[in-house]
Every structure is written in structure tokens, then in C-alpha cells.
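Structure, as C-alpha cells:
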Amino acid sequence: MSKVTVYIPNHNYGKYIGDSIKSVIGQKFDDWELIVIDDGSTDNTGDVLASFVTHPKIKIIYQQRKGLTVSNNIALRLSQGKYIMRLDADDYLDENALLVLSNILDTHPEVGLVYPDYYRVDEEGEIIDIERRKKIGEEVTLLDLPAHGACTMIRKSCLMELGGYDETLSCQDGYDLWIRFINRYKPYNVNVPLFYYRQHSRSLTQDKRKILLARHRTKRNFVQAKYGENLPKVLAIIPIRKQSNVYTDFALREIGGKPLLYYTVSEALKTNLLDKIVVTSDDDEILRYVEDFPKILGIRRPVDLSLPNSRIEPTVDYVLTFLKKAQDYRPDAVMLLYAHTPLRKYIHIEKAIDTMLIFGVDSIVSVCEDINFYYKHTRNGLVPLIKKRLLRLERDALYKENGAIYLSKASVIKKDNFLGAKIGHITMLPEESIKIDSEFNYWLAEKIIKEWENSK
């Protein structure tokens, strides 16, 4: 029996898998076994693997196409190691990877999972940049950014206790395992880059939409299993001002053949995670419009709370007080859904609620990751906000608030601040994050509604 099992699931990565296998053979640590699972490849993978069939530490499995999560569980059942790690067929290890990671698990018995920093490389193996992760317990305590799905070393006993991988998920980037894991065991990370993550046209990370949809299903499954019907009462408030900063009749102006407000209301009605939905406005026409929607309560918003520069917190307090007096209703959490983000979907609403429950945060905001390079103006001209231009570090990542969703526990909402102290987030795609605050963004949102969404 070897201490560490490394397994490589492969489907048509004959171009890269030789380098992946050689990176395991070349480890400074030698107490390992390697399981290669060829998942129905139709390229030259068989020819590449033929040169490794006689290696005493390598076991090669050929199977009909089953997918990644099934292959993960097959490797788990076949593994003999105390620790187990997936290595993707297009990636490769630093020669010290197994030595460093296994030593962490050897010397930290309370830790069940350990992951490193890593290099991003192009198709030819040239380094693009480095992903440095924040140190758990020192730089970060909120564990809402998961370990990489591959090259994370796990105690096999922990993985078995969790029931392995969820085979209902077709897209597996490690998120499902991560949220199940951190609820029972302690993770750890080392700030040393120990593997090379190849970026190319077939990389899973290229399809952000697919990953985010899979994470939504993962969160829903986890919350349903843990909480069942014992969910918090979430009040959604859709605030509309008659005096819009953008243009007259803002919320009822048609976009894509429907009033702008329709998109927010209709998506809110698609989920059963919202206990009550309120549209509050000082505009009679708005209140008449929402009467046609079932389960939508219209509440008149006082004019003094509807001025262009008025804060939202007094309106939230007004609605909560109204509902308490009129219906003896007290929500556990409040969600703000502004009508100016029509491309928000019901899955984003559900992800926000699920994320709050999973990570125990006070508040959730929706964001769009911003990878642009920013400067600030000083007396000597422009100075970059991020010093190392060539390396995109996680600790310097920027998240731009997109205004689509704000969610807070009712207990943390104050008269001058809707958000609590511990803030989590959900990520939305750029095309989902369009905020209508100009004629250009109105045009862009309508273009997406009419053409982009129908093409997906």
C-alpha cells in the first residue's frame, strides 16, 4: 500500500497526458500509486498510455464514457492510499507537490484537506500568471472561495465519510465537495505554487456559465439536504421611485417587449424561497401594474422616502413596520431587488439565500469579478492599484457590486446600513450584471434580452 493515491481522469487529452503522468513519476516523494482512468478517449491517448503500462506503480483503467464524477468515484474505490488527489490530464505537478502536501496531513492530524497555490500556463506550458490563495485563519476566515477541484490532497477516510462525489453533477469543479467538507472537517492551504494549471479552449474554467449553474444546483442540493423545509422567511422588497434618475416612467418603460419591472417581478415569482414579495412605490401606476401579479403586495412608499437622494434603509424600515402592524409579519431576512437589473434570474435569488445559509454570513451582495487593471491619479500621474502587473493574484482580485441583489438578516439591518459586518457574495456574469443607468445600458440590456439570451 502506498501513502498517496494520485488519479488522472482522461478524455481525449492525449496531447497532454504524458506530461501529467511524468510529473507524478518525477516526484521527490516516492510513496505513491497512480491510477489513470481513460474515459472513452477516441484520440491518441491509447498510444501515449502504452508506454506506461509496465510501470509498477501505475494502474491504467479503460472504460466507456462515464464522465468525471463517476470516474472520481471509481478512482476512490480502487485507491489504496491513505491520502488521495486528483490530477487533471492536461495539468502537471511540481516535483515537490506530493512531498509538501502529504507532510501537512502527516503533521496536522486535525486537517482533512490541503491545497496549494498554482501556476496558470498556456497550451505550451509557458507560465501566464500565478494564483496565490489567502491563508486560512490568517488572511481569511470566511471559506466561500473553494479549493481547486484538482491537485487538492484529501484524507481518504474523510472523503469516504462524505459519500464520495455527487454523480448527479455533470460539471464538477470541486465546489460540491468543498461545501460538504468545510461543514465537517478542517481545510488547510500552503502558499507555495505546486502545480501547473493549463489554460486552453477546452478548459472547464472557459465556460463560466456552466460552472455557475452547477454551483447553483450544488448549493440547492446541500441546503435541501441540511434544512429541508426549515428555511428562513425571506422578504423581497422591490423599491420603485417615481422620480427616476435615469428617465421618466423608468420601471414601466418597455424593454424587449415587456415593462422593465416585469423582469424583476416575474423572476422573483419563480422561486419558492421568497416568503413574501413587496413592491413599494410612490407611483400609482406602478401599484396598479403589480395588482395583476399573484402573490405580489403593493405598498405605497411615502414621498419623503422616494426622493432621488434618499437612502434605502428608511424605506426598508417603513415596509417592515407596515407588515408588522398590518399582518403581524416578521421576516428572518430581507432581500432588495432593484428593477434596474433586468437580467437577474431566479437562480441568483436562490443562490444568495443558499449562500447565506451555507456560510453563515450576515449579508450577501451580488458581484461581477473585475479583472481589469486600474490606476489612481496622484501628483505624479497615474499609479497602478495592483503593483505586480504580470501576476493576477487572488488577494488583489476586485469584485464590482452590480446592484442586482442585496440580502441581509433582519437582525443586522440598521437605520443607516442595510448590510451586516460579515458579507458573503454570489458571482454573476457580465452579461447578467447590466445595470440600466444610461441609454447605452438600456440599449445593451435590450440587445441581450432579444438576441444573446435566445442564442444560449
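Every number here is computed from the coordinates shown, using simple stated rules; none is lab data. Source: prediction; values computed, not measured. Note: ideal-geometry Cβ built from the backbone for every residue, glycine included; neighbour counts use all protein chains shown.
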Taking only C-alpha positions in the range 43-99, Rg and Dmax in angstrom work out to 12.8, 34
Excluding residues fewer than 8 places away in the same chain, name every one of the lysines whose C-alpha is closer than 20 Å to that of LYS242.
LYS258, LYS435
For the chain, give the share of DSSP beta bridges that are antiparallel, in percent and rounded to the nearest 5; count only bridges with both residues there.
40
At 7 Å along Cα-to-Cβ for each site, give me the label-to-label distance between ASN44 and ASN272 in nm.
5.4
Dipole of the range 230-455, Cα-centred, from +1 at each Lys and Arg C-beta and -1 at each Asp and Glu C-beta, to the nearest 20 debye?
780
If you take the alpha carbon radius of gyration of the range 1-158 and divide it by 2.2 N^0.38 Å, what ratio comes out, to two decimals?
1.04
Arrange THR355, THR107, THR427 by Cβ neighbour counts within 10 Å, fewest through most, would you?
THR107, THR427, THR355
Difference of contour (0.36 nm per residue) and Cα-Cα distance, LYS450 to ASP416:
8.3 nm
Return the lysines within reach of LYS276: Cα separation strictly under 16 angstrom, same-chain partners fewer than 8 residues apart disregarded; answer none if there are no such residues.
LYS233, LYS295, LYS324, LYS325, LYS409
Among PHE222, LEU385, TYR346, flag the residue with its Cα farthest along the positive direction of the charge dipole of the chain, charges on Cβ as +1 for Lys/Arg and -1 for Asp/Glu.
PHE222
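Take ASP282, ASP275, ASP176, ASP30 and order them by how many other Cβ atoms sit within 10 Å, fewest up front.
With the sparsest Cβ surroundings first, the list reads ASP30, ASP275, ASP282, ASP176.
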With the contact rule set at Cα under 8 Å and sequence spacing of 6 or more, what percent relative contact order holds for the range 4-206?
26
Under 20 Å from the Cα of LYS376, which lysines turn up, not counting those fewer than eight places away in the same chain?
LYS387, LYS388, LYS400
Distance between Cα centroids, the range 219-240 to the range 52-87: provide it in whole Å.
38
Relative contact order of the range 230-455: what whole-number percent is it, with Cα pairs under 8 angstrom and at least 6 residues apart?
23
Angle in degrees between helix 208-227 and the longest Cα principal axis of the chain, rounded to the nearest 10:
80
Among beta bridges assigned by DSSP with both residues in the range 208-340, the antiparallel ones amount in percent, to the nearest 5, to 10
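Mind checking the dipole of the chain: about its Cα centre, +1 per Lys or Arg Cβ, -1 per Asp or Glu Cβ, Debye to the nearest 20? Write out the running numbers ahead of the final one.
Numbers: 65 positive and 63 negative charges, 183 e Å.
It comes to approximately 880 debye.
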Roughly speaking, what is the stretch gain from LEU142 to SER2, that is 0.36 nm per residue apart minus the C-alpha to C-alpha distance, in nm to one decimal?
47.0 nm
Over the chain, calculate the relative contact order: mean separation of alpha carbon pairs under 8 Å at least 6 apart, over the residue count, as a percent.
13
Within the range 4-206, percent of DSSP bridges classed antiparallel, to nearest 5
30
Can you figure out the FRET efficiency of ASN191 with GLU401, using R₀ = 25 Å and their beta-carbon distance, to the nearest 0.05?
0.30
Amide H of ILE405 versus every other amide H placed in the peptide plane: which residues, excluding those fewer than 5 positions away on the same chain, fall under 5 Å?
SER366
Using the charge dipole of the chain (Lys, Arg: +1 at Cβ; Asp, Glu: -1 at Cβ; taken about the Cα centre), state which of PHE29, TYR16, LEU105 has its Cα farthest towards the positive end.
LEU105
From the C-alpha coordinates alone, can you work out the Kirkwood hydrodynamic radius of the chain, in Å?
24.6
Rounding to the nearest 20 debye, state how big the charge dipole of the range 4-206 is about its Cα centre with +1 on each Lys and Arg Cβ and -1 on each Asp and Glu Cβ.
620
